[in-house]
Amino acid sequence: MGPLPLVLHLVALCYIQSVHGQAEFQRLPSTVPLPESSSPGSSVHSFSLVNCSSNNPTVTITSVSPPASYFNPPTQSKAGPDEFALEITLSPSAPLNAAVTNLYILTIEAQCGGNTTTGQLFVRIIDDIPEPQCEPQFSSQVGDTVQVYSNVPASSTLYTVALRQPKYTPVTYKITQPSPSPFTIQQNGQVLAPASGFSNTAASHHLQITVTDARGNKCNGTLNVKVLPIYDNPINFTRPSENFTIMENGGPNQMVGMVKARGNDILYEMINPSAGFYIESETGTIRTTYNLDLERFPSLATTSLLVRAYDRYQRSNSATVTVTVTVQDINDNAPQCSPEIVVKVVPQTQPIGFTLADFICKDPDFNGTLSYSILSNDNSRESFRMVGSKLQINKTLNYDSYEIASVNFQYSATVVVTDSGTPKMTTNIPVFITVTAVNDYYPKCVGQNFSVAENAPSGTFVGQIEYSDADYPFNNVQFSIEDNQNPPVFYVLPRTGQIMLLGALDFETRTSYSLKMQVVDLNNDIEPDPIHQLTNHCSIFVQVLDVNDNPPVCTPPVYIQTIYSTLSISEVVQDLTCSDKDVTASLSYTIVGGNVNNRFRLENKKSVMHNPFSFNPDGVMDPEMYELLIQVTDSTGHPQFTTTATVFITVIPWTTTQPTTTKTTPTPEKQTRIVNQILEYWQPDVWFIVVLTITGILLLAALALLTWALCKRFQFCAQGSKELSQPLLPDSSVTNNEASTEALKQSQPGNEKKDVAPVSPLSLQFDGRAQDPVSGRQYLFNSYTGERRWV
């Protein structure tokens, strides 16, 4: 089948499939969560099969990974003309356990009219059942403690381990430490005493117990068993009864009396407790539980209490005593006041004498006068005063202190109202005054001097501003530089006041900076109010420290001088003019090159002078041209910068019979000529290089295509020539003798056909004849070896 029919066939097949449709699953593949506590029959996932040409497709679960039989085959129902609703449910025997396997992969296959459709469902098991937990006290680091006497029966129950939310039963209990242990634990969690019992001595045992459910989940706990010895401790009261008399209105926790029994380690309790009294178990002190008021509770006039004293470690060792409490009537109605509590919010600037509350009080028992006093604590001492029945501010309420901040800025006190009865009755009125902030202090900023090296990098810490703000929260301020440079050289961290270096410094350009710092307080009112923020200023002076960071400069860098050899050695050949921007620089000069025969020296650091020259052909012959390299160094330490000045000196040899004088003939100064030469060169633009590259690539591609076409044509011509040569050979073969004879003729020296190829042993037979399509000449060829021979 050719290429075109094959394409048409595929197009037709795609068209048929698009018309009839392909059965497929909807909502697959999918990942669904499945709680571990799901009951059998629970729905796992619902999906559908669409485009099914069969009225009864077969849908099965072909595989479950890991293998499990927890899922029922999909149930199906007709949902439309070509759609089936499918649902997978949980089988009855589905012990789901997320701790063992938390993901199942179901492969679902549908057979629909001879077609097979496959989908996957990922079921993730979610652990929604809490694991068993031991009781908090038992599972804590300290553990639970039980005290027993040494005479408890052997193998008796000492403790029962209780579980919270037991999950998988049965649950097993095991004593892991000590191992082996004299104690035993039963399957119901009961810890039993040793089979041999305890000795009559004090001892402590620490048991580590592990509780494991049916699925291996564990919780651990600690049980401390304290064994108490048995000893003789008789307990008794010296008197069979006690009588106490108290006054009513003594308030709660009023001491009624104290009972005392003889013995050791005694605790006290009431056998017939009364609502109005309780006894302290350690001391035997009887106190009232609330304020006794005979008008409200007349039965409290006489109360009989039965008190028992018992051994702390052996409750059965005890004794009892009868206690009779008589309550006498007194002035028991306290003054009644309005308001009963004072809660105010005032600003800290509220003036002295401001009235916080005016009490209206009356005494139900007496018509006498009432007195008012104020009971202060440490933070409100002398802050308030009573003027008659009025509560007023006595001194300015302070908001800005750690003491008042520690109590949430609340002053607390108690107003005591006392009547004139006997005994005197009082009413306590709680007072809670909350103070709000007022921004009333200006922030303070101290002017300072700092220094920084000129080569310091950006981000260097320059200094810390000293500041303060008396408003609470203290020192809650923000900084900024008001007259910063442009571009800025320094910046300040707004909340800390740390000055940092931002730009580059240069001592030679600027030696100091004066910064005007602005400090603004923040959030010092009850509500942050930018309008009422207080601002202050201070001046910061930053001194730039000089660092050797500039090399020396010689002007000019090149010197040209011509001298006669007869110049006096005390005369200066050339003075160097060098300088350094750094004020701390100390220049030194050294000849480092070109000083042939040491004919030149430096005097006074920068003056070039010469030594006697020698122009003796038979001895030392000095050159006439010198190129002195003089290195100028600006420091002896680190960092150190150098520069090199060049001095070209031309020495003219000169001899004279007259004495040398110090008078020199002025030599005309050579003028330095600057020659400007323009070098022309071609530098193409970037676009030209890109165009040239693309053109080259296209040219190479065209050559490759032309070569391929020529090769293809040559191969076709060779094949055509072979087919045309077949009718020219009626005899299908040539004998070996004829071939050998023809080959010998061609190889003779006198033969005129010079272009005959050498005859090889493999080319003695030719099974074809052809004509060259170019020259028209005929030739024989061997189709196996490729050998040819012209005819």
Open to solvent by less than 60 Å² (accessible area, probe 1.4 Å), of a type in the set (Asp, Glu) and in a loop (DSSP other than H, G, I, E, B), is that true of Asp549?
yes
Residues of segment 433-467 being crowded, with 18+ Cβ neighbours inside 10 Å and polar (S, T, N, Q), in sequence order, are Asn439
The residue from Ile540, Ile531, Ile499, Ile526 that alone is among the aliphatic types (A, V, I, L, M), modelled with pLDDT under 90 and surrounded by 15 or more Cβ atoms within 10 Å (Cβ to Cβ) is Ile526
Examine segment 581-596 for a residue that is more than 30 Å from Asn455 (Cα to Cα), touching a residue at least 40 places away in the same chain (Cβ under 8 Å) and of a type in the set (Phe, Trp, Tyr), and state whether such a residue exists. no
Flagged in segment 468-477 as in a strand (DSSP E or B) and surrounded by fewer than 18 Cβ atoms within 10 Å (Cβ to Cβ), in numbering order, are Ser468
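Suppose we filter Gly257, Gly263, Gly284 for residues that are open to solvent by less than 70 Å² (accessible area, probe 1.4 Å), at pLDDT below 90 and among the small types (Gly, Ala, Ser); which single one remains? Write out each step before concluding.
Values: Gly257 fails: at pLDDT below 90; Gly284 fails: at pLDDT below 90.
Residue meeting the stated conditions: Gly263.
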Among Ser69, Ser37, the single one that is among the hydroxyl-bearing types (Ser, Thr, Tyr), at pLDDT below 80 and outside any helix (DSSP H, G or I) is Ser37
Scanning segment 580-620 residue by residue, those in a loop (DSSP other than H, G, I, E, B), charged (D, E, K, R) and more than 60 Å from the chain's Cα centre (by Cα) turn out to be Arg599, Lys605, Lys606, Asp618
Scanning segment 52-63 for residues that are open to solvent by 30 Å² or more (accessible area, probe 1.4 Å) and either part of a strand (DSSP E or B) or at pLDDT 85 or above (or both) gives Thr58, Thr60, Ile61, Thr62, Ser63
**Q.** Yes/no for Asp618 being among the charged types (D, E, K, R), open to solvent by 30 Å² or more (accessible area, probe 1.4 Å) and modelled with pLDDT under 85
**A.** yes
Scanning segment 449-492 for residues that are farther than 30 Å from Ala437 by Cβ and at pLDDT below 85 gives Asp483, Asn484, Gln485, Asn486
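Specify which of the listed residues (Lys226, Lys218) is of a type in the set (Lys, Arg), touching a strand residue (DSSP E or B) at 6+ places or on another chain (Cβ under 9 Å) and modelled with pLDDT under 90.
On the way: Lys226 fails: modelled with pLDDT under 90.
Exactly one of Lys226, Lys218 is of a type in the set (Lys, Arg), touching a strand residue (DSSP E or B) at 6+ places or on another chain (Cβ under 9 Å) and modelled with pLDDT under 90, namely Lys218.
If you take the residues of segment 621-646 that are among the polar types (S, T, N, Q) and outside any strand (DSSP E or B), which of them is least open to solvent (accessible area, probe 1.4 Å)?
Taking segment 621-646 and keeping what is among the polar types (S, T, N, Q), we get 631, 633, 635-636, 640, 642-644, 646.
Within this subset, residues satisfying the condition of being outside any strand (DSSP E or B) are 635-636, 640.
On the way: Ser635: 31, Thr636: 145, Gln640: 95 Å².
Among them, the one singled out is Ser635.
In segment 218-254, what residues are aliphatic (A, V, I, L, M) and open to solvent by 70 Å² or more (accessible area, probe 1.4 Å)?
If we filter segment 218-254 for residues that are aliphatic (A, V, I, L, M), which is where we start, we get 223, 225, 227-228, 230, 235, 246-247.
The answer is Met247, and nothing else.
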### Query
Does Val415 satisfy the criteria of being open to solvent by less than 60 Å² (accessible area, probe 1.4 Å), within 30 Å of Gln336 (Cβ to Cβ) and at pLDDT 90 or above?
yes
Note on segment 153-211: residues under 17 Å from Gly221 (Cα atoms) and β-branched (Val, Ile, Thr) are Thr160, Val161, Val171, Thr172, Ile175, Thr176, Thr184, Ile185, Val191, Ile209, Thr210, Val211
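Would you tally the residues in segment 287-314 being open to solvent by 40 Å² or more (accessible area, probe 1.4 Å) and either part of a helix (DSSP H, G or I) or under 12 Å from Met255 (Cα atoms) (or both)? Explain how you work it out, then say what you get.
Looking only at segment 287-314, we keep the residues that are open to solvent by 40 Å² or more (accessible area, probe 1.4 Å), and these are 287, 289-291, 295-299, 302, 304, 306, 308, 312-314.
Now drop any that are not either part of a helix (DSSP H, G or I) or under 12 Å from Met255 (Cα atoms) (or both), which leaves 287, 289-291, 298-299.
Residues flagged as open to solvent by 40 Å² or more (accessible area, probe 1.4 Å) and either part of a helix (DSSP H, G or I) or under 12 Å from Met255 (Cα atoms) (or both) within segment 287-314 amount to 6.
Looking at segment 135-155, is at least one residue within 43 Å of the chain's Cα centre (by Cα) and modelled with pLDDT under 80? Outline the logic, then answer.
Just the residues of segment 135-155 that are within 43 Å of the chain's Cα centre (by Cα), to begin with: 135-144.
Those still in the list that are modelled with pLDDT under 80 too: none.
Scanning segment 135-155, I find no residue that is within 43 Å of the chain's Cα centre (by Cα) and modelled with pLDDT under 80, so the answer is no.
Give the residue, chosen from Ser380, Ser371, Ser338, Ser389, that is surrounded by 18 or more Cβ atoms within 10 Å (Cβ to Cβ) and either hydrophobic (A, V, I, L, M, F, W, C) or farther than 30 Å from Pro273 by Cβ (or both).
Values: Ser371 fails: surrounded by 18 or more Cβ atoms within 10 Å (Cβ to Cβ); Ser338 fails: surrounded by 18 or more Cβ atoms within 10 Å (Cβ to Cβ); Ser389 fails: surrounded by 18 or more Cβ atoms within 10 Å (Cβ to Cβ).
Going through Ser380, Ser371, Ser338, Ser389 in turn, just one is surrounded by 18 or more Cβ atoms within 10 Å (Cβ to Cβ) and either hydrophobic (A, V, I, L, M, F, W, C) or farther than 30 Å from Pro273 by Cβ (or both): Ser380.
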Would you say Thr562 is open to solvent by less than 30 Å² (accessible area, probe 1.4 Å) and assigned to a strand (DSSP E or B)? yes
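Can you pull out every residue in segment 478-491 that is open to solvent by less than 60 Å² (accessible area, probe 1.4 Å) and either closer than 22 Å to Leu397 by Cβ or in contact (Cβ under 8 Å) with a residue 40 or more places away in the chain (or both)? Steps first, answer last, please.
Let us first name the residues in segment 478-491 that are open to solvent by less than 60 Å² (accessible area, probe 1.4 Å), namely 479-481, 484-485, 488-490.
Selection gives Phe479, Ser480, Phe490.
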### Glu340 outside any strand (DSSP E or B) and either more than 30 Å from Val435 (Cα to Cα) or touching a helix residue (DSSP H, G or I) at 6+ places or on another chain (Cβ under 6 Å) (or both)
no
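Restricting attention to segment 502-523, which residues are farther than 21 Å from Glu454 by Cα and either open to solvent by 20 Å² or more (accessible area, probe 1.4 Å) or touching a Ser or Thr at 6+ places or on another chain (Cβ under 6 Å) (or both)?
Step one: filter segment 502-523 for residues farther than 21 Å from Glu454 by Cα, giving 517-523.
Answer for segment 502-523, where residues must be farther than 21 Å from Glu454 by Cα and either open to solvent by 20 Å² or more (accessible area, probe 1.4 Å) or touching a Ser or Thr at 6+ places or on another chain (Cβ under 6 Å) (or both): Gln518, Val520, Leu522, Asn523.
The values are calculated or read from the model by the stated rules, or taken from the named source; none is laboratory data. Just so it is clear, the model here is predicted, and its values are computed rather than measured. A quick note on method: Cβ atoms are made from the backbone with ideal geometry, for glycine too, and the neighbour counts reach across all protein chains shown. Just so you know, the surface numbers come from the protein's heavy atoms only, side chains and all, with ligands and any DNA or RNA stripped out. Shrake-Rupley method; radii C 1.70, N 1.55, O 1.52, S 1.80 Å.
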